[in-house]
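A short worksheet on the structure shown next.
The values are calculated or read from the model by the stated rules, or taken from the named source; none is laboratory data. Treat the numbers as computed from the prediction; the structure is a model and nothing was measured. In this analysis, Cβ positions are derived from the backbone assuming ideal geometry, glycine residues included, and neighbour counts consider all displayed protein chains. Side chains are part of the model used for accessible areas, which takes the heavy atoms of the whole protein and leaves out ligands, DNA and RNA. Shrake-Rupley method; radii C 1.70, N 1.55, O 1.52, S 1.80 Å.
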Amino acid sequence: MKKLKKAIIAIVVVVIVLGILSISGIFDQTEDVQIVTESNLHKIIEVSRLSTYECVYNDICTVMDEDPSKVAYYCKYKGRVKAGIDFTKVDIKMEEQESGEHLITVTLPKVTLDDPEVDIDSLKYMFQEKKANDGTVSGEAYKACIQDIKEKSKSETMIYKTAQQNAENTIKGLVEPFVRNAETSEDHYKLKIITAEENAK
């Protein structure tokens, strides 16, 4: 039974396909824009919420009986939770340095988790109390599995760290090509990304 209680967590990094964000279309529209402004940069990265990490669970949920000291049943399930940031809340500032270089500072909001998803067809039960095996068990178990993922995912620091790193990589992939295209012999740009945690210090 101890083995059943162990979570088997498969971590799946979501591949960020810039094509789905119509990045090529963005560059076509800004091809004639040779000046980098905060407004232009905002337009490039305003893709609303983007999930940058996904954690898949093949796990066991314990459901207690009416008597909290007794286990009603164990439920095996498959589910997932996505993490990401709201790109519309990204803050961008551009300042000219003494060297003449333009510093673009991008401050990211906190990574948040979406509501978990559970495949209800994946639910399998191991009853400890026969009375628990009734017509309401699937609905009850589904809710318990959702809550189980919520509690476990909140403590998974890797989810937040990886989602944040992927968000940073996405920002670089969106901004740096545009900036390089706009650089001239006189105008040089440098990108700096600040996370929510760094900004709070």
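Open to solvent by 30 Å² or more (accessible area, probe 1.4 Å), touching a Lys or Arg at 6+ places or on another chain (Cβ under 6 Å) and modelled with pLDDT under 95: does that describe ASP67? No; evaluated as a whole, the condition is false for this residue. Can you find a residue that is open to solvent by 40 Å² or more (accessible area, probe 1.4 Å), closer than 25 Å to HIS42 by Cβ, in contact with a Lys or Arg (Cβ under 6 Å, 6 or more places away or on another chain) and touching a residue at least 24 places away in the same chain (Cβ under 8 Å) anywhere in region 180-194? Looking through region 180-194, none of the residues is open to solvent by 40 Å² or more (accessible area, probe 1.4 Å), closer than 25 Å to HIS42 by Cβ, in contact with a Lys or Arg (Cβ under 6 Å, 6 or more places away or on another chain) and touching a residue at least 24 places away in the same chain (Cβ under 8 Å). Residues of region 147-159 that are crowded, with 18+ Cβ neighbours inside 10 Å and either touching an Asp or Glu at 6+ places or on another chain (Cβ under 8 Å) or of a type in the set (Lys, Arg) (or both): ASP148, ILE149, LYS152.
Being within 24 Å of VAL175 (Cα to Cα) and either open to solvent by 20 Å² or more (accessible area, probe 1.4 Å) or modelled with pLDDT of 90 or more (or both), is that true of even one residue in region 111-134? Within region 111-134, one or more residues are within 24 Å of VAL175 (Cα to Cα) and either open to solvent by 20 Å² or more (accessible area, probe 1.4 Å) or modelled with pLDDT of 90 or more (or both). In region 96-104 there is no residue matching the filter, namely being within 26 Å of TYR57 (Cβ to Cβ) and either of a type in the set (Lys, Arg) or not in a strand (DSSP E or B) (or both). Considering region 125-201, the qualifying helices (runs of 4 or more DSSP H), each wholly inside and each with 2 or more residues that are over 13 Å from CYS75 (Cα atoms) and in contact with a Gly (Cβ under 9 Å, 6 or more places away or on another chain), run over 157-182.
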